[in-house]
1. Among 41, 60, which comes first, second and so on when ranked by fewest other beta-carbon atoms within 10 Å?
2. How much length would be gained if the chain were fully extended between residue 97 and residue 55, taking 0.36 nm per residue of separation minus their Cα-Cα distance, in nm to one decimal?
3. Work out, step by step, the length gained on full extension between residue 84 and residue 38: first 0.36 nm times the residue separation, then minus their alpha carbon distance; give nm to one decimal.
4. Got a sec to turn the phi values of region 53-62 into Karplus ³J(HN,Hα) couplings, 6.51 cos²θ - 1.76 cosθ + 1.60 with θ = phi - 60°, whole Hz, x for Gly and Pro?
5. Nothing charged except the Cβ atoms of Lys and Arg (+1) and of Asp and Glu (-1): what's the magnitude of the dipole of the chain about its Cα centre? Round to the nearest 20 debye.
6. Kirkwood-based Rg over Rh for region 4-106 (C-alpha set), two decimals?
7. Can you give me the relative contact order of region 4-106 as a percent, contacts being Cα pairs under 8 Å and 6 or more apart?
8. For residue 3, what residues show an amide H to amide H distance below 5 Å, using hydrogens built from the backbone and excluding near sequence neighbours?
Amino acid sequence: MFNTEVLVSLGGDVGEDVLEHLLVLFEAELRQQSSQLYSNSDPLMVDEILEILHILKNTSRLYGVEMLQERVDVLYERAQFTQEDIAELRSIIDKTVAHVPLIKESL
């Protein structure tokens, strides 16, 4: 789920202690973004969702979460989405959140 090469590079840039703290913040941010996606999905609030996608696009790239990054890129470029798209994206976010503790342990 996470590209470990990206995380190793980031850890080299900021130090492992800072990386661990950043991962805690990333996990919290993902939970918040997932909640906001849910709040803005019925009815679909396109502008708000695009803002969330923009944030997810940048952070998923920074932390090397390729599956999330790829899905967000598609939705962001398309700028059209359905309830099912949002549900799928939230599922990917949930899986990513579940992997964060495993990544922190492996540092």
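1. 41, 60
2. Gain on stretching residue 97 to residue 55: 13.6 nm.
3. Stretched out fully, the residue 84 to residue 38 stretch lengthens by 15.4 nm.
4. Per-residue couplings from phi come out as 4, 4, 5, 4, 4, 6, 6, 5, 5, 4 Hz.
5. Using only the charged Cβ atoms, the result is roughly 100 debye.
6. When Rh is taken as the Kirkwood radius, the ratio is 0.99.
7. Relative CO of region 4-106 lands at 34 percent.
8. Long-range HN contacts for residue 3: 65, 66.
None of the figures in this text is laboratory data; all of them are computed from the coordinates on show. Every value quoted in this text rests on a predicted model; they were computed, and no experiment measured them. A quick note on method: Cβ atoms are made from the backbone with ideal geometry, for glycine too, and the neighbour counts reach across all protein chains shown.
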